1. Output the number of residues of segment B:190-228 satisfying the condition of being farther than 19 Å from residue A:244 by Cβ and assigned to a loop (DSSP other than H, G, I, E, B).
2. Determine whether segment B:111-127 contains at least one residue that is at pLDDT 80 or above and away from chain A (no Cβ under 14 Å).
3. Could you please let me know if residue A:241 is farther than 21 Å from residue A:182 by Cα and of a type in the set (Asp, Glu)?
4. Could we say that residue A:243 is in a helix (DSSP H, G or I) and touching an Asp or Glu at 6+ places or on another chain (Cβ under 9 Å) here?
5. Since residue A:131 meets every condition but one in (1) assigned to a loop (DSSP other than H, G, I, E, B); (2) surrounded by fewer than 19 Cβ atoms within 10 Å (Cβ to Cβ), which condition does it not meet?
6. Within segment A:190-229, track down each residue that is touching a residue at least 40 places away in the same chain (Cβ under 8 Å) and farther than 26 Å from residue A:244 by Cα.
7. For segment B:207-228, enumerate the residues that are surrounded by fewer than 23 Cβ atoms within 10 Å (Cβ to Cβ) and either closer than 30 Å to residue B:164 by Cβ or under 13 Å from the mean Cα position of the chain (by Cα) (or both).
8. Let me spell it out: the conditions are (1) at pLDDT below 90; (2) within 27 Å of the chain's Cα centre (by Cα); (3) at the interface with another protein chain (Cβ under 9 Å from one of its Cβ atoms), and residue A:160 meets all of them except one. Which number is the exception?
Amino acid sequence: MPGLGIYVLKRFGQAVLILLGITLITYILLFLLPADPARQIAGRSATAQTVENIREQLGLNLPFYEQYLRYLASLLQGDLGRSYIQKSEVTELILSRLPATLLLMAGAIFCELLIGLPAGMLAAVKRGKAADNAVMILSFIGVSAPQFVVGILLLYVFAVLLGWFPIGGYGTFWHLVLPALTLGLLGGGWYSRMMRSSMLDVLRQDYIRTARAKGARQARVLLVHALRNAILPIIAMIGLDIGIFMSGVVVVESVFGWPGIGQLAWQAIQRVDIPIIMGVTLVAACFIVIGNLLADIIAPFVDPRIELR
Amino acid sequence: MRESLAKLGRRKIALGGAVVIAVMCIAAIGAPVLAPYNPSEQFFDGLTLEGAPLAPNERFWFGTDLLGRDLFSRILYGARTSLIIGIVANGIAVLVGTVLGITAGYVQGWVGAAIMRFTDLMMAFPALLLAIALAAIFKPSLWIVAMVIAMVNWVQVARVIYGQTLSISAQEYIEAVRSLGAHWSRVLFVHIVPHLLPTVLVWATLGIATTVLLEATLSFLGIGVQPPTPSWGNIIFENQTYFTTAPWLVFLPGVAIVLLALSFNLVGDALRDILDPTQQGRA
């Protein structure tokens, strides 16, 4: 594929620029804060002199651009600042909770594909029939239901009433099922719609007609010829899900008591601990940019018709 | 237009959505008349002797909440909050997105590039976290929540309108009008903007669903509309500790949220199919 190296390099450069822009916006938001971080760190009983010293120490008396450059320099060293309330490094807090969130996201991706792909395929094959309408209505409900309602409903039915799963918490495989399913239902709704239209596209192609004309059975046509071609463009889009997950984890982790970065952000909201909220936002944005970058890089391999720009 | 309305009428599901929206609007506007009680009144007999909420009964149709208030009245007033925020926040978002999208698509050059790079940047922010950060900075109130949601939601609209403006501007008839010496404002407002209106209408409808969900989520997290003003999200936030013993306190407002968002999604999707043949939702 000619030009692929340049294409990847260009996309990479764009991703770096976007990340830089994101740091600028988060920093402006921090700067707009009415609260004075020096006073918050010093505590209530501190003298004016102590507050002044802390301000100088943190560089809060410098002009905006200099503070931003300092902030950028510390970000490059992996330093996201200190929590005002927990008195610990934001980077450490986030790193200690990242594995739980990544596990949850892996579970959610599995759930949404498990729900969305077969449902979309069914809808495409039974196009216009009752099954198609049912899948489309369910997918609409899936994307219209707020995740905290879905999460609490699943908790109530499967944990409280039926007792099949633990009521929140973390540790075993059984703890993962309900939160991953909650995240996956929303994505499943989207995937079923995309899978349906992708499958319909493929089923219209000449090679499917050829396969049918040669006497291939319906199941063989669908599973061997159609599915493989319909599924690739969908798989290439997984990277784009990360943005939706990054918003979803805040809600789902707080409903299920899942100790990931979403719960960390939620706890920070309750205590107005801005450095943690900003840190999580920045980390989440990084994930989204990386996800988009991966999707962009994978896309031309999956579909050679995509123009490299 | 009449033909479009007739097409909409043939889609029974979308029609059902429109009916739900109409009912919710009536409930929101008529809440002071329709609600059996004052939504903030705490009833002495609204709690059990142990202080737990009452289940739905003849006097309190949807039961009472943790403070002994009538849930049905609170849900009626909650419809106001959802619809006000849905209309105001989404209205601002669609307006800002449309103006920026048209500007970027019509002016192009460095102005267009700058606007579109900025939307790229905003796309990379996780919407909920950005809204949380903004809500944490400004003290939340009904209007601040609406502004925060608008600041997050304009991006999608801007991108779609940009793409459409770009493709319309490249049409031959636009070149023809230009070569006839039409002023740029005439080209824009007479020959381009009218063709964008169906798309704007579709996004204005779909966007209300997104807005309603985001408001409910922010209120559920405790940084949206603040109690005692009832919002479906904060009703669930306040009562979630009772969800094992009094699940209706969570599920009745939950059903209200799903119904409203679903209805706007169904109507928006039907409008897209009817008005915008290039973006067929159903092949």
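The values are calculated or read from the model by the stated rules, or taken from the named source; none is laboratory data. Because the structure is a prediction, the values reported are computed rather than measured. Cβ sites come from the backbone with ideal geometry, for glycine too, and all protein chains shown count toward neighbours.
1. Residues meeting the conditions: 7.
2. For segment B:111-127, residues at pLDDT 80 or above and away from chain A (no Cβ under 14 Å): present.
3. no
4. Criteria not met by residue A:243.
5. (1)
6. A:203, A:222
7. Passing the criteria: none in range.
8. Here residue A:160 clears every test but (2).
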